[in-house]
Amino acid sequence: MLDREQDQIKLLLIDDHKLFREGVKRILAMENEFDVVAEGDDGSEAAELVAKHRPDVVLMDINMPGVNGVEATKHLIERFPDVKVLILSIHDDETYVTHVLKTGAAGYLLKEMDADALIEAVKVVGSGGAYIHPKVTHNLIKEYRRLATGDRVAATSDQTEVGFREVEYRKPLHILTRRECEVLQLMTDGFSNRMIGEDLYISEKTVKNHVSNILQKMNVNDRTQAVVESIKKGWVKVR
């Protein structure tokens, strides 16, 4: 829940690497709507700090000595069900992500993220949404598709490879432009906004505009929902 008096998202940082915390704080300080109210270096401190400072979002490292981020998140959600936890991790393996999300975390962000991704993730989670790093989303979807369809996926994809580009763009063109279709496919491939811009030779600001348009036209709240829905509708290919 946001602090309506200051209209800021109150943040708590839990990470055992002080230099990393300082870097994150500098990035968050770029946004007036963020207020870092406290920080700690071990999961065992999380509950006490949340009780004292009542943050809206906890940015939690997953690998820490003592109580790790997974255990700390589980305990926090049980005690403070309204607090939102955004996991910071070096692991992009889907098993890590699935396990963490089961504890109640609202987001999962890789530490390789750029400043814009961090800011976007905090805003999304702080407003009640869910955020999963694009690279992680791609891995999750690939695993889901593998488990859901088994070997049939490989056989089908081999048969439809030739006509893929036509299918990729034709189906969503009733709501998306051709360029937005390209951006949507690259989002599914796990590309960040910067990577999409480099691939399509457009500015990162233009990519952000395309992503916003895609979310609005598809009537979804975040990139993850857009990718999942587009896969269900057959608008993109998981590759």
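Using a simple spin-label model with points 7 Å from Cα along the Cα→Cβ vector, what separation in nm is obtained for Asp93 and Glu204?
It works out to 3.0 nm between the two label points.
Mind listing the phi-derived Karplus ³J(HN,Hα) values for region 116-129, rounded to whole Hz, using 6.51, -1.76 and 1.60 with θ = phi - 60°, and x for any glycine or proline?
Per residue, the Karplus-derived 3J(HN,Hα) values read 4, 5, 4, 4, 4, 4, 5, 5, 5, 5, x, 8, x, x Hz.
May I ask for the Kirkwood hydrodynamic radius of region 1-83, worked out over all distinct Cα pairs and given in angstroms to one decimal?
The answer is 12.8 Å.
How much accessible surface does Val70 have with a 1.4 Å probe, in Å² rounded to 10?
Here the accessible area works out near 30 Å².
In region 7-149, how does Rg compare with the Kirkwood Rh, expressed as the Rg/Rh ratio over alpha carbon atoms?
Values: Rg = 14.3 Å, Rh = 15.0 Å.
Reported Rg/Rh, Kirkwood definition of Rh: 0.95.
List the lysines whose Cα sits under 19 Å from the Cα of Lys205, skipping any in the same chain fewer than 8 residues away.
Answer for Lys205, where 19 Å is the Cα cut-off: Lys123, Lys217, listed by chain and number.
What FRET efficiency comes out for the pair Asn219/Asp16, r = Cβ-Cβ distance, R0 = 41 Å, nearest 0.05? Walk me through the intermediate numbers first.
Working: r = 41 Å, r/R0 = 0.99.
In this case the efficiency is close to 0.50.
Which of the lysines could a cross-linker span from Lys102 if the Cα-Cα distance has to be under 21 Å and same-chain partners fewer than 8 positions apart are dropped?
Correct list for Lys102: Lys74, Lys84, Lys111, Lys135, Lys142.
Would you mind computing, in nm to one decimal, how far apart the modelled labels at Leu173 and Arg54 are, each placed 7 Å from Cα along Cα→Cβ?
5.5
The values are calculated or read from the model by the stated rules, or taken from the named source; none is laboratory data. Note that the coordinates shown come from a computational prediction; the quantities given were computed from them, not determined experimentally. Counting neighbours? That spans all protein chains shown, and the Cβs are built from the backbone with ideal geometry, glycine included. Calculation scope for accessible area: heavy atoms of the full protein, side chains included, ligands and nucleic acids excluded. Shrake-Rupley method; radii C 1.70, N 1.55, O 1.52, S 1.80 Å.
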